[in-house]
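A.B. asks: Please see the structure below; I have some questions.
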Amino acid sequence: MAHALDRHLALIGFMGAGKTTLGSRVAELIGRQFFDLDQEIEKSVRRSIPDLFRREGETGFRVLEAEETLRTLKRERPAVVALGGGAIETPAIREALREHALTVLVEVEVDAAWDRVARSARPLASDPEQFRQLYERRRGLYGEAADASARDLDDVVLAALGVRIDAGARAEGDVLLADPTALELHPLELPEMHAVREKSIEEAQRLWTELGIPRDGTIVGYGGGTTTDLAGFVAATYMRGVQWIAAPTTLVGQVDAGIGGKTAVDLREGKNLAGAFHYPEEVVIDPELIATLPAEERRAGMAEVVKTGLLAGVDVWDLPEAEMIRACAAYKSGVCLGDPYEGGRRAILNLGHTFAHALEAASLYTVRHGDAVALGLLAALRLSGLPTDVVETVLDPRPVAVDRRRAWEALQRDKKVRDGRIRLVLLDAPGKPVWGVERPETEVRAALDELISK
Ligand SMILES: NC(=O)c1ccc[n+]([C@@H]2O[C@H](COP(=O)([O-])OP(=O)(O)OC[C@H]3O[C@@H](n4cnc5c(N)ncnc54)[C@H](O)[C@@H]3O)[C@@H](O)[C@H]2O)c1
Ligand SMILES: [Zn+2]
């Protein structure tokens, strides 16, 4: 599998699967143009599809369909494209999909499809027996053409960024860069293996010299954010860039760090100071791996989960664990697809983080990131004029003992400060994030002070 960052996202599947509805929703979510091919054909010949079928027969229709579909798939600007149910029977369309699109099969059971289309005017949906035969005949073609399959919006968004979430899912590749603890608890073997312990430039340099893979080799990063950030950074820089796969094994990694293409190493002068955007071809998530996570690591992950739930306006923390991970991963994937290199809206993922970074820096990084984020979320909610009970019940953050002045200075140095002004991510309401918000210094400083205990 790969991702749809630089190509069309094509939805295929049987009539009645819901391609049009899902396609328009995903296009809106990730800010792309949406083409529904049945509608495009109707527009260009100025006739309805049933009318066209009556006049031209199925063969004539397929010719027009192929022309329109190929024209759309050859458009330069990546879009979301919903294909007609039978388009996949045309070899040239299958070929164009392979070349220009990431193809997602929208699945539907034959009975459900029949219920949805039986009373419509759709051609090929008049006789239940023929309908069933058609379904069986096309099934194999769909399976062959699809890079992934989906049943709902989250599935489509995850597939579009190459994120696969499955119990037991294992990454494949040429060289494994692994967190030793994760590897010991959950063995995984690749032809070449290296243990990695920190995301430092020294560790990157060791790997640059030790790696034995060719330019077309694939690196797999297997561990928490420390490991995947380093693996991605090495993949971005080794021979000017090789492919990589993220296989996150911590909750932080599965809901956040493994997704979105930010890679980096820490320098003595600061965290993540050297890095690059380099998207993994695939993100392989086995939610069962986090069963062995120590409690404090799980808590760190829950802070990002609560952040995500507040941004999405969904109580994701109440979901069963695997579903919670899926919902959070899908939310981040959607944001990243819409703004892959953080030109704007992606900044919302920093909710609570301006305060968190200030507390971490003021404590000389003795306060854990997750605990700092939990406090940062409190501040963001207070400044948004929203209740903080969710953060209190799920994360139970305690004010930290750091130097107030040092924390304030660190906050002002934060990346989100432009022209001496602090820009914050706040919420109009849960699910309605706003970014680049300016607040009077006194208010921001008071919010920060409230997080500090001495
Ligand atoms: N790239 C991004 O977008 C992004 C986003 C958020 C955080 N990050 C980075 O991620 C890093 C933090 O990642 P993290 O919180 O995953 O920590 P981590 O990678 O340091 O792992 C935390 C601990 O968990 C252990 N571990 C890993 N998998 C395990 C498992 N399955 N069972 C038991 N123990 C396991 C590790 O050995 C380690 O001791 C930071 O460097 C941060 O900057 C990056
Ligand atoms: Zn974070």
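A.B. asks: From the list A322, A330, A356, which one is within 16 Å of ligand 1 (Cβ to nearest atom), open to solvent by less than 10 Å² (accessible area, probe 1.4 Å), under 23 Å from E288 (Cα atoms) and part of a helix (DSSP H, G or I)?
C.D. replies: A330
A.B. asks: Would you kindly identify the strands (runs of 3 or more DSSP E) lying entirely within the stretch 142-188 that contain at least 1 residues that are touching a strand residue (DSSP E or B) at 6+ places or on another chain (Cβ under 9 Å) and farther than 15 Å from E281 by Cα?
C.D. replies: Those strands (runs of 3 or more DSSP E) span 148-150, 175-178.
A.B. asks: Let me ask you something else. Just the residues that are outside any helix (DSSP H, G or I) and either surrounded by fewer than 24 Cβ atoms within 10 Å (Cβ to Cβ) or within 16 Å of ligand 2 (Cβ to nearest atom) (or both), please, taken from the stretch 247-264.
C.D. replies: Listed by number, the residues that qualify are P248, T250, G258, I259, G260, G261, K262, T263, A264.
A.B. asks: I want to confirm something. Restricting to the stretch 7-35 and keeping residues that are farther than 21 Å from G143 by Cα and part of a strand (DSSP E or B), which single residue is most open to solvent (accessible area, probe 1.4 Å)?
C.D. replies: Within the stretch 7-35, the match that is most open to solvent (accessible area, probe 1.4 Å) is F34.
A.B. asks: Ok, one more. For E297, are the conditions met, namely being within 16 Å of ligand 2 (Cβ to nearest atom), outside any strand (DSSP E or B), open to solvent by 10 Å² or more (accessible area, probe 1.4 Å) and within 24 Å of V220 (Cβ to Cβ)?
C.D. replies: yes
A.B. asks: Check whether at least one residue in the stretch 379-391 is in contact with a Leu (Cβ under 6 Å, 6 or more places away or on another chain), over 20 Å from M302 (Cα atoms), part of a strand (DSSP E or B) and away from ligand 2 (no atom under 16 Å from the Cβ), and report yes or no.
C.D. replies: Scanning the stretch 379-391 turns up no residue that is in contact with a Leu (Cβ under 6 Å, 6 or more places away or on another chain), over 20 Å from M302 (Cα atoms), part of a strand (DSSP E or B) and away from ligand 2 (no atom under 16 Å from the Cβ).
A.B. asks: Checking R423 against (1) within 13 Å of ligand 2 (Cβ to nearest atom); (2) touching an Asp or Glu at 6+ places or on another chain (Cβ under 9 Å): exactly one of these is not met. Which one?
C.D. replies: Against the list (1) within 13 Å of ligand 2 (Cβ to nearest atom); (2) touching an Asp or Glu at 6+ places or on another chain (Cβ under 9 Å), R423 comes up short only on (1).
Residues are listed down the side, and each one gets a yes or a no for (1) touching a residue at least 40 places away in the same chain (Cβ under 8 Å); (2) open to solvent by 40 Å² or more (accessible area, probe 1.4 Å); (3) within 16 Å of ligand 2 (Cβ to nearest atom); (4) in a loop (DSSP other than H, G, I, E, B):
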{"residue": "E202", "(1), (2), (3), (4)": "no, yes, no, no"}
{"residue": "L207", "(1), (2), (3), (4)": "no, no, no, no"}
{"residue": "V220", "(1), (2), (3), (4)": "yes, no, no, no"}
{"residue": "A231", "(1), (2), (3), (4)": "yes, no, no, no"}
{"residue": "V234", "(1), (2), (3), (4)": "yes, no, no, no"}
{"residue": "Y238", "(1), (2), (3), (4)": "no, no, no, no"}
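The values are calculated or read from the model by the stated rules, or taken from the named source; none is laboratory data. Since this is a predicted model, take the numbers as computed values, not measurements. Don't worry about glycine lacking a Cβ; one is built from the backbone with ideal geometry, like all the others, and counts go over all protein chains shown. The protein model used for the area step is the full one, side chains on, heavy atoms only, and it has no ligands, DNA or RNA in it. Shrake-Rupley method; radii C 1.70, N 1.55, O 1.52, S 1.80 Å.
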